[in-house]
Structure formats: C-alpha cells, structure tokens
Amino acid sequence: MLLTVTTTHEPATDLGFLLHKHPDRVHHLDLAYGGADVFYPEATEARCTAALLLEVDPVALVRARGNRAAEAFSLGQYVNDRPYAASSLLAVALGRAFRTALQGRCDQRPELAATAIPLEIALPAVPCRGGAELAGRLFEPLGWAVTADPVPLDEQFPAWGDSPYLRLTLTGTLRIADALTHLYVLLPVLDGAKHYWVSADEVDKLLAAGGEWLAGHPERALIVRRYLAKRGELVRATLARLAEADDTEAEALDDAVPVSAEDSGDPAAEPDRQEPLRVLRRRAILHELRELGAAKVLDLGCGDGVLIADLLAEPSITAVTGVDVSARALAYAHRRLRIETLPERKRDRIQLFQGALTYLDERLAGYDAAVLMEVVEHVDPARLPALERAVFGAARPKSVLVTTPNAEYNARYEWLPAGQFRHPDHRFEWTRAEFAEWSARAADAHGYEVRITGVGPADPALGTPTQLAVFTR
Ligand code: SAH
C-alpha cells in the first residue's frame, strides 16, 4: 500500500528536510508485520513527492497479534485486504517513518516546518466505511479539499459496482506536521476495522497527535469512537479530556508521542467550527490581562506552555515566567515554544522553571499578574491554603487570575457519568457558589478584591463551563 506526499513549495526538495529523509536515497524500516520504504519518485526544485510504501506480510501480521484462530475465520487472518489497503497499519508505519516530522520538529528548516505549504496527499486504496461523504466530513473541516472516488470492484465488469475502497486525494496548504497527524489519526478512523493494539496509552497518543485540532472538530465523537474501536470507557474518558481541553496532562504524555506545536490557524475564521473551551479560556485571560495593563506575567502551573505562546504574542507583555511542578510538562513547554530557535529578543522575555505552588518562593515576587489556568483543582484541598499563602500572601502580584471548571455545567456533558470529574487528576470541581466562597475568603484574607465571570457558552440554569476569578490588590 502506498501513500504519496507532494509539495510545490520551492525549493520543493526541502521536503526531504521536513520529513528527515534524503530525496536521493531509499529509506527502509522494519516493522513487526512487514516493512516500509520511503523514497522519492520525483524530486525537483518545482515539485517533490515522497512515497511511503508499506509491504504487509500477512503471516507476520498474524504472529504479531498472537494466535486468534479460535475467535476468527482462520483463513481470513491470512487472506484479507490488509496488504493492499491504506488502513491503520499504514498509520502506524507513517508514525514510525515520520516520527520527528509528526512532532513538528525540523532542526534544519524550523521556519519551514512551522509554515503552511501547498501539499497534495494521494492514497490509491483507502477502506472507508461510510464512503466518500465520510472522507469529506473528516478532512474538510481541517482545511483539505477532498477528492474521493470509489474504486470499481473490477474495471472489466462495471455491473459488479464499486468496491468499499476509495482513491483519496487531499489538497491543501498546511504545515507538514498537521498533515501527518491528520493522517495518523484519521486513517484508522476511515478504516473503522478493529485494530488490535488499542490500549490505554493509545488514548494518550490520540490526544497528543490530535489534541490541538480534534477538540474543535465537528466529528470528534465519531473520530474518538472509531479510533478507539468503540471501547466505551476509553471513549468517554477521551471525550472528557478533549472537552476539559487544555488539561493537556503533559505529565501523562509519553515521550515517544508527537505533540503538535501550536494552534493551527484562527478558529474564528471558520464560523461553523465550534470553538474549543481551551481557546476561549486563553482568549478570556488575554482580554483580562490587557484590561489590567499587566506587563510582567506569571503562568503558574503552566503545563505544556500553550498560554505562554499566546502571552508572548502580546506586545504589551514584556516578561512571562512559566512555573510548573512537573519537569515533563516543562520539557514539553520548552519544545512547544521552540526556545532554542527564538530570536534573542523574544527569548529574553521568557523564563521557565520548576516549582511547587504550595511552597513560598522568592522567584515569584515582583509581577503584575499571576495566572492559574485550570490549576487549583489539581491541588489537594488540604494543600490549598498553602497555595493561597504562597501566591496571594508572599508572591503578591498586583492581580491574580484563576480559572477552574464549573461543576454544575458537567450535567451538560452526556459522556461524563454523573458525579465524575472532567479529568482523572482533578481533586475537586467547584459549583459556582463554592468557587465564589473560596475566592471571597482568599481575597479577604490577603487584601484583594475579586470579580467572578465565566468562559464559554452559558447555560441559563447551570452557568458557563469555566469559571474565572479576577483578583486585584
Ligand atoms: N495551565 C495549563 C495546565 C493546566 S493542568 C493549561 O491550562 O493548559 C495543571 C497543571 O498544574 C499541571 O501542569 C500540573 O503539573 C500543575 N500543577 C499541579 N499542582 C501543582 C503545584 N502544586 N505546583 C505547581 N504546579 C502544579
């Protein structure tokens, strides 16, 4: 089975840098169920095509998945479409062959990796339960123009009709990392056949690869359901994590897993795309910081640094310090922000360090504002007073912004069993009354005033999904 990626962005041979595969060579990869080769049928300045050719060995495939003879039509294990159709096996091969490119990394051409370039992706035979129409629903919201032609069962006998396979061509102007993560996630979804390696860490892989675009995808429920082969409990937990959105849980991500570096595009430009809560949250925080005129900002519990990237884009913000207790989260932030490749002027505005917010820390003093975005609910209730002392009492920024889930709104999330939190690491989730009470008490104890607002679509009875408190001295 074959996948080709073509660009006309000149010099087109830079595709070799983006994919970390030299256009003059054939690159071979051994896989548990066969082998893959990457090569370039065409490599000129004007146009360059990389091909990934996957050879599936049906016998190795059966061995790799263990003996399932008892539960399956035994010959069907060996004689099937796997060697010929672009299925989830191709997605796995793609993940292996282009791992670094999937992560958005390219040391030799970092600006190019961050740039949307004209791309054409062709797949001659894609098994697609749901037909051409489904292919459109999956890829079009991501910015692709989709051509999906059914492949006839046999060209000599048109009366036999079409096979369940599509010849799929995607064209669009996208970053290479985005294009590859779209394929990595959506090929198994189109296929819909149960792939056998689904396990809990598949969820992390899915969220790491798709997190940035999946939360806003109109078909996200279908994508998650099919990707996880209908494993109910995993599907629910994953949808919860997507809705809870940027609790990216950097600590839980496997190092081997790709992270996409930035929000792709401006969601406002696509009116029918529902805006993810995490985007609305960051926008609300930026709005408040602007109103406050804050120049030096602390991002406490910064996680993988999504907010820091936004803060740096604000000319009025002159210094941003991200603090997190998790070294892993900080490593992700470092990578996301591409600190090494930033111009010096920008780099000088950022500082990242490890710290626990429940301990007094002199490094946190002297700031205009501190943001705690989706952090307090990760702290044990018994440790909250220590956090209050460290932030409001000792660091004493001129203002403090706190966001946290509104527990009442959980009733709107039909995928979330009653009484469960949005995220497994949450220690609590507050109702509006509970948050108001905590905020008033903390403000009072430390000489701040507080105003509470919400983020996200308001339900008349339940309020908004996210609560936001703005404390000012
Ligand atoms: N603010 C980020 C991350 C939220 S997830 C965002 O909204 O995207 C919560 C983060 O808080 C995690 O990265 C976790 O490591 C961090 N965290 C939890 N308890 C902490 C503590 N006591 N001190 C510092 N960071 C903490």
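The values are calculated or read from the model by the stated rules, or taken from the named source; none is laboratory data. Keep in mind it's a predicted model, so treat the numbers as computed, not measured. With ideal geometry, Cβ positions are generated from the backbone for all residues, glycine too; neighbour counts draw on all protein chains shown.
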Taking the condition of being at pLDDT 90 or above and under 12 Å from the mean Cα position of the chain (by Cα), how many residues in the stretch 175-189 meet it? 4
Condition met for residue 433 (small (Gly, Ala, Ser) and within 15 Å of the ligand (Cβ to nearest atom)): no
Result of the Cβ filter at 9 Å on the stretch 301-329, keeping first residues that are among the aromatic types (Phe, Trp, Tyr) and partners that are near the ligand (Cβ under 6 Å from one of its atoms), at least 6 apart or interchain, is none
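May I ask you to verify whether residue 303 is at pLDDT below 95, within 11 Å of the ligand (Cβ to nearest atom), closer than 25 Å to residue 220 by Cβ and in a loop (DSSP other than H, G, I, E, B)? Outline the logic, then answer.
Values: at pLDDT below 95: yes; within 11 Å of the ligand (Cβ to nearest atom): yes; closer than 25 Å to residue 220 by Cβ: yes; in a loop (DSSP other than H, G, I, E, B): yes.
Yes: the conditions hold for residue 303.
Quick check on my filter: what residues within the stretch 19-50 are touching a Leu at 6+ places or on another chain (Cβ under 6 Å) and closer than 17 Å to residue 94 by Cβ? Spell out how you get there, then give the answer.
Taking the stretch 19-50 as the starting set, the residues that turn out to be touching a Leu at 6+ places or on another chain (Cβ under 6 Å) are 33, 36-38, 48, 50.
Correct list: 33, 36, 37, 38, 50.
Counting only residues that are more than 10 Å from residue 312 (Cα to Cα) and under 26 Å from the mean Cα position of the chain (by Cα), which one in the stretch 337-351 is modelled with the highest pLDDT? It would help to see each step written out before you state the result.
Kept after step one, since they are more than 10 Å from residue 312 (Cα to Cα), are these residues of the stretch 337-351: 338-345, 348, 351.
Narrowing further to those that are under 26 Å from the mean Cα position of the chain (by Cα): 338-343, 351.
Details: 338: 86, 339: 86, 340: 84, 341: 86, 342: 86, 343: 86, 351: 95.
Result: 351.
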In the stretch 345-386, how many are within 8 Å of the ligand (Cβ to nearest atom) and either over 16 Å from residue 325 (Cβ atoms) or touching a residue at least 60 places away in the same chain (Cβ under 8 Å) (or both)? 6
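Looking at the structure I just gave you, is residue 457 assigned by TED's automatic domain parsing to the domain that holds residue 375, under 30 Å from residue 293 (Cβ atoms) and not in a helix (DSSP H, G or I)? Don't jump to the end; show me each part of the working.
Working: assigned by TED's automatic domain parsing to the domain that holds residue 375: yes; under 30 Å from residue 293 (Cβ atoms): yes; not in a helix (DSSP H, G or I): yes.
Yes.
List the helices (runs of 4 or more DSSP H) inside the stretch 96-195, counting only whole elements, that have at least 1 residues being surrounded by fewer than 20 Cβ atoms within 10 Å (Cβ to Cβ).
On the way: elements: 99-102, 110-113, 131-139, 176-191.
Qualifying helices (runs of 4 or more DSSP H): 99-102, 110-113, 131-139.
Within the stretch 1-39, restricting attention to residues that are small (Gly, Ala, Ser) and touching a strand residue (DSSP E or B) at 6+ places or on another chain (Cβ under 7 Å), which residue is nearest to residue 170 (Cα to Cα)?
It comes out as 12.
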List, please: which pairs have Cβ atoms under 8 Å, are six or more places apart or on different chains, and start with a residue in the stretch 129-151 that is free of Cβ contacts under 8 Å to residues at least 24 places away in the same chain and end with one that is assigned to a helix (DSSP H, G or I)? 148/131; 148/132; 148/135; 148/136; 149/132; 150/131; 150/132
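Any idea how many residues of the stretch 311-344 are among the polar types (S, T, N, Q), within 13 Å of the ligand (Cβ to nearest atom) and in a loop (DSSP other than H, G, I, E, B)? Explain how you work it out, then say what you get.
Let us first name the residues in the stretch 311-344 that are among the polar types (S, T, N, Q), namely 316, 318, 321, 326, 341.
Then keep just the ones that are within 13 Å of the ligand (Cβ to nearest atom); that gives 321, 326.
Pick out the ones that are also in a loop (DSSP other than H, G, I, E, B) and you get 326.
The qualifying residues number 1.
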